[in-house]
1. What are the semi-axes of the equivalent ellipsoid for segment 148-239, taken as the square roots of 5 times the Cα gyration tensor eigenvalues, largest first, in whole Å?
2. For segment 60-76, take each phi angle, set θ = phi - 60°, evaluate the Karplus expression 6.51 cos²θ - 1.76 cosθ + 1.60, and give the result in whole Hz per residue in order, putting x for glycine and proline.
3. In whole Hz and in residue order, list the ³J(HN,Hα) couplings for segment 117-124 that follow from phi through the Karplus curve 6.51 cos²θ - 1.76 cosθ + 1.60, θ = phi - 60°; x for Gly and Pro.
4. Would you please give the residues with an amide H less than 5 Å from that of Val136, counting only those at least 5 places away or on a separate chain, with H modeled from the backbone geometry?
5. Can you compute the FRET efficiency between Ala238 and His78 using 1/(1 + (r/R0)^6), with r the Cβ-Cβ distance and R0 = 51 Å? Round to the nearest 0.05.
6. Greater than 19 Å separation of Cα atoms is the criterion. Which listed pairs, Lys31/Lys108; Lys79/Lys130; Lys79/Lys108; Lys71/Lys190; Lys59/Lys190; Lys154/Lys183, meet it?
7. For Ser201, list long-range residues whose amide hydrogen, built 1.01 Å from N in the peptide plane, is under 5 Å from its own amide hydrogen.
8. Based on Cβ point charges of +1 for Lys and Arg and -1 for Asp and Glu, what charge dipole magnitude is obtained for segment 148-239 about its Cα centre, in debye rounded to the nearest 20?
Amino acid sequence: MEAVMASIGGKAGELAFDLIKQEMTYIQNYKTNLENLREGVNDLKDARQRVQQSVDAAKRQGRKIYNDVDKWLTMVDHKISEMAETKLKEHEQKANEKCLIGLCPNFKSRYLLSKTAEKEADAIVQLLVKGRFDSVSYRPAPRPANGSTTGALKKVMEALKNDDSTIVGVYGARRQPMAILVKEVARLAKLELFDKVVVVSISQSPNIEKIQSDLNFDKQDEVLIILDDIWVPLDLGALGIPSS
């Protein structure tokens, strides 16, 4: 019986020693844990910037952003704001606190600080892992055009996909259906066929200089130019648009 009690007592002593050693490690490593947390926040800021740049580029192309990407950005914003504006400053102040008599470090504060910093740093690592997206966006399914423009839209898109077509003309008397058609052609062309789509309104009294200014773009891009609301004959060459 004495041997059994001694064995149990020995095991309990080992466990207690290991626990105390682990807790002491937090005090010894408080500076390292705080620095790891600070570096983690900076890494998270960099990761957030990279994802946001991809999101902005996708939106410019008319793509939709995945829900988990939006949620990740929201969580990261909250974590960065929380750590940068409150907890890091609070941790630094507590790390410099003294004990009651003011002659030694406040070990309790350093212990709590170190443990919290380690926990927060681990949470940031998890966010960084979740932020490794293969893609942040997807191409939305084309929306069906309104009834009267469906046939015209299909024909225009077929003509634009034909490499032999350089100029496609569409005319109609009703303003609203034509505006819908122009908008839908521009959207689908940007999604599926061209690097850039430029829509220029001509009107009944065209301003040639303004039109030329609107047509100023990188000639290396594959561009679709849509001249809308044409009422009078136009000299495409004068506008700088090749006629063939």
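Coordinate-derived values only; no laboratory data. Please read all numbers here as calculations on a predicted model, not as lab measurements. Note: ideal-geometry Cβ built from the backbone for every residue, glycine included; neighbour counts use all protein chains shown.
1. Sorted largest first and rounded, they come to 20, 18, 11 Å.
2. Computed from phi, the couplings for segment 60-76 are 5, 8, x, 8, 9, 8, 4, 4, 5, 5, 4, 5, 5, 4, 5, 5, 5 Hz.
3. 4, 5, 5, 5, 5, 5, 5, 5
4. none
5. 0.35
6. From the list (Lys31/Lys108; Lys79/Lys130; Lys79/Lys108; Lys71/Lys190; Lys59/Lys190; Lys154/Lys183), the Cα-Cα distance tops 19 Å for Lys79/Lys108; Lys71/Lys190.
7. HN-HN under 5 Å from Ser201: Asp228.
8. Here the size comes out at about 440 debye.
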